[in-house]
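Q: Dropping the structure in here first, questions after.
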Amino acid sequence: MTEKRAFVIGAGVAGLAAATSLVENGVAVTVLEAAPQAGGRCRSFFDKQLGCDIDNGNHLALSGNLDVMAYLRRVGARDEIDELAPVFPFYDLASGEHWEIALGRGRIPWRLLCPHHGIPGTRLVDFWRSRKVLSATPQETVAEVLGDTGALYEKFWKPFSVAVLNTEPQHAAAALLTPVISETLMQGGDACRPVLAKRGLGFSFVDPALDYLRSNGAEVRLGVRCREIAISQGRVQALDVEGEQLQIRDGDIVISALPPGVASDLLPGLSAPRDFRAIVNVHFRLGQPQETPRIVGLTGGLAEWLFVRGEVASVTISAAEHVVDEAADAIAQRVWQEISRVPGVARPDMPPVRVIKEKRATFAQTVQEIGRRPGHSTAHANLWLAGDWTDTGLPATIEGAVRSGHRCAALALNT
């Protein structure tokens with residue numbers, strides 16, 4: 001009996017999820033990655049400027065992200081993450097006001113409705129009006145659905161939606177928030193525990209997956225580009241990998257986990273998003289471990305979320321078209337002026353800093369672009385599509401990426 005083989009093109013998180021799931025099911029897997037390292041937009045590296053390991057960006061997962069948690073268990077990475085209490089501190093950079101969103105184990109967050117413990121300025125009617133997001137249509141934006149919720153919009157829904165959708169609320173598709181809310185917030189605090197990497201994303205999501213694949217006989221080829229996906233008679237017949245022809249046999253599986261632009265080049269006629277949004281991450285090495293909470297939501301300024309791991313404070317600016325073309329030094333100065341007001345971070349001078357710009361961090365999750373997301377199955381019998389930009393039903397998050405890989409593996413195995 002011929003051994004079942006799979007070729008996964010792309011070693012980002014979506015590709016790694018697909019590959020590890022296939023290996024778990026006894027398939028012989030070859031992973032092909034054009035970059036010299038795996039992980040895609042979810043990776044760690046040693047930064048000479050700061051003299052320490054940093055992540056290229058910040059990715060927040062929650063305990064209710066079931067595909068992420070299954071993936072981490074599979075690759076043996078549970079010891080590389082911290083699950084925090086479902087408490088989210090917020091700090092208003094303009095007013096100095098601070099509050100926290102604390103979710104109990106029950107599904108209804110009663111504490112948020114208490115004037116002395118909830119979000120300042122919110123009213124019961126604001127929470128009632130928020131229910132509209134659960135029935136949002138694909139044509140409605142976040143601002144249209146939630147913009148009438150007063151202080152709750154400015155102090156929670158707006159920063160939440162920008163972080164999740166990486167798109168301005170006046171353009172972002174509200175329907176993409178519905179599954180996120182249903183799978184996390186509506187499940188109570190046990191589903192909303194922040195899941196953060198202890199040492200870095202690469203140590204949690206990438207290195208353990210590569211170890212798992214290699215220890216189970218998979219072939220991982222880094223620094224090799226797939227230049228052609230040869231298709232005829234309704235199926236993939238061969239892959240051109242740096243001039244080497246890999247023949248695809250009957251029964252073999254091919255999963256493309258490539259970015260939308262690359263996938264479109266290799267698969268003419270593919271429906272894929274064409275508009276993108278930037279993310280800017282600013283990493284400060286503060287010089288000593290901080291007492292600040294691991295994650296702080298920020299309002300009233302340029303910075304939106306502050307992540308603290310050891311002596312490194314990392315700031316995320318999502319939907320960053322308004323700032324991405326500024327000089328790195330100017331961005332760093334603006335961000336430092338803001339976060340140096342946050343209790344526990346302040347120091348006399350700006351510390352060593354590294355600014356990382358991802359100009360095409362995610363596709364623009366607008367009401368127009370979500371209609372261009374392709375499904376996982378294709379017109380070709382042995383080819384499937386993975387990636388957070390495919391039609392996962394979720395936003396382009398790390399959970400969406402992992403879920404896409406898992407779905408492709410399941411579809412391929414059941415064909």
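Q: Do any GluC sites (Glu not before Pro) in the range 246-354 lie in a loop, going by DSSP, with at most 11 other beta-carbon atoms within 10 Å of their beta carbon, and if so which?
A: Those that pass, being in a loop and sparsely packed, are E291.
Q: Mind grabbing the accessible area of F46 for me, 1.4 Å probe, Å², rounded to tens?
A: In the full protein context, F46 sits at about 120 Å².
Q: Further, regarding this structure: Once amide H atoms are placed 1.01 Å from N in the peptide plane, what residues at a sequence separation of 5 or more from L298, or on another chain, have their amide H within under 5 Å of its amide H?
A: Here Y91, W305, L306 satisfy the definition.
Q: When the Cα centres of the range 368-402 and the range 29-74 are compared, how far apart do they sit, in Å?
A: When both Cα centres are located, 19 Å separates them.
Q: Could I ask something else about it? Taking all protein chains together and a probe of 1.4 Å, list M69, M186, M350 from the most accessible to the least accessible.
A: Largest to smallest exposure gives the sequence M186, M350, M69.
Q: Moving on to the next point. Residue by residue through the range 63-80, which ³J(HN,Hα) values in whole Hz follow from phi under the Karplus form 6.51 cos²θ - 1.76 cosθ + 1.60 (θ = phi - 60°), with glycine and proline marked x?
A: Calculated HN-Hα couplings, in order: 4, x, 7, 5, 6, 4, 5, 5, 4, 5, 5, 4, 8, x, 10, 4, 6, 9 Hz.
Q: Considering only protein heavy atoms, what per residue accessible area in square angstrom results for the range 25-156 with a 1.4 angstrom probe?
A: Accessible area per residue: 50 Å².
Q: A further question on this structure: Check each of the trypsin sites (Lys or Arg not before Pro) in the range 155-206 and keep only those in coil by DSSP with at most 16 other C-beta atoms within 10 angstrom; list them in order.
A: Answer by residue number: K198, R199.
Q: Further question: For Y91, Y71, give the ranking by accessible area with the largest first, probe 1.4 Å.
A: Of Y91, Y71, the descending order of accessible area is Y91, Y71.
Q: Further question: Once you put a point 7 Å from the Cα of S271 and another 7 Å from the Cα of E144, both along the Cβ direction, what distance in nm separates them?
A: 2.0 nm
Q: May I ask for the Rg/Rh ratio of the range 207-253, computed from Cα atoms with Rh as the Kirkwood radius, given to two decimals?
A: Here Rg/Rh amounts to 1.06.
Q: Using a 1.4 Å probe, how large is the accessible area of T299, given in Å² and rounded to the nearest 10?
A: Result for T299: roughly 10 Å² accessible.
Q: Moving on. Given the rule -39500 (n - 2.57) for each run of at least 4 DSSP H residues, summed and divided by the residues of the chain, what is its mean residue ellipticity at 222 nm, to the nearest 500 deg cm²/dmol?
A: Value at 222 nm, helices only, nearest 500: -6000 deg cm²/dmol.
Q: Return the whole-Å distance between the Cα centroid of the range 218-237 and the Cα centroid of the range 131-161.
A: First find each Cα centre; the distance between them is then 42 Å.
Q: What part of the accessible area of the chain, given as a whole %, is carbon or sulfur when the probe is 1.4 angstrom?
A: 51 percent
Q: Further, regarding this structure: Between L124 and D240, what FRET efficiency follows from the Cβ-Cβ distance if R0 is 51 Å, with the result rounded to 0.05?
A: FRET efficiency, L124 to D240: 0.25.
Q: Moving on. Can you tell me the FRET efficiency between T415 and I181 if r is taken as the Cβ-Cβ distance and R0 is 35 Å, rounded to the nearest 0.05?
A: So, using R0 = 35 Å, E works out to roughly 0.60.
Q: Here's something else I'd like to know. Expressed as cubic angstrom per residue, what is the convex hull volume of the alpha carbon set of the chain?
A: 141 Å³
Q: What ³J(HN,Hα) values, in whole Hz, does the Karplus curve 6.51 cos²θ - 1.76 cosθ + 1.60 give for the range 32-42 when θ = phi - 60°, with x put for Gly and Pro?
A: 10, 9, 5, 6, x, 9, 8, x, x, 7, 10
Q: Ignoring solvent entirely, what values of log10 I(q)/I(0) come out of the Debye formula for the range 161-220 at 0.12, 0.15, 0.18 Å⁻¹ when each Cα is a single scatterer?
A: -0.54, -0.73, -0.84
Q: Follow-up. I'd like to check one number: the per residue accessible area of the range 361-415, probe 1.4 Å, reported in Å² as a whole number.
A: On a per-residue basis, 30 Å².
Q: For the chain, with only Lys/Arg (+1) and Asp/Glu (-1) charged at the beta-carbon, what is the dipole magnitude about the Cα centre, in debye rounded to 20?
A: 520 debye
Q: What is the Cα coordinate range of the range 20-107 on the first, second and third principal axes, sorted by size from largest, in whole angstrom?
A: For the range 20-107, the Cα extents along the three principal axes come out at 55, 43, 20 Å.
Q: Can you pull the three principal axis extents for the Cα set of the range 124-166, in Å, largest first?
A: Reported extents, whole Å, longest axis first: 26, 20, 13.
The values are calculated or read from the model by the stated rules, or taken from the named source; none is laboratory data. None of the values given here were measured: they were computed from a predicted structure. Quick reminder, even Gly has a Cβ in these numbers, built from the backbone with ideal geometry, and neighbours come from all protein chains shown. These area figures cover heavy atoms from the full protein model, side chains too; ligands, DNA and RNA do not enter into them. Shrake-Rupley method; radii C 1.70, N 1.55, O 1.52, S 1.80 Å.
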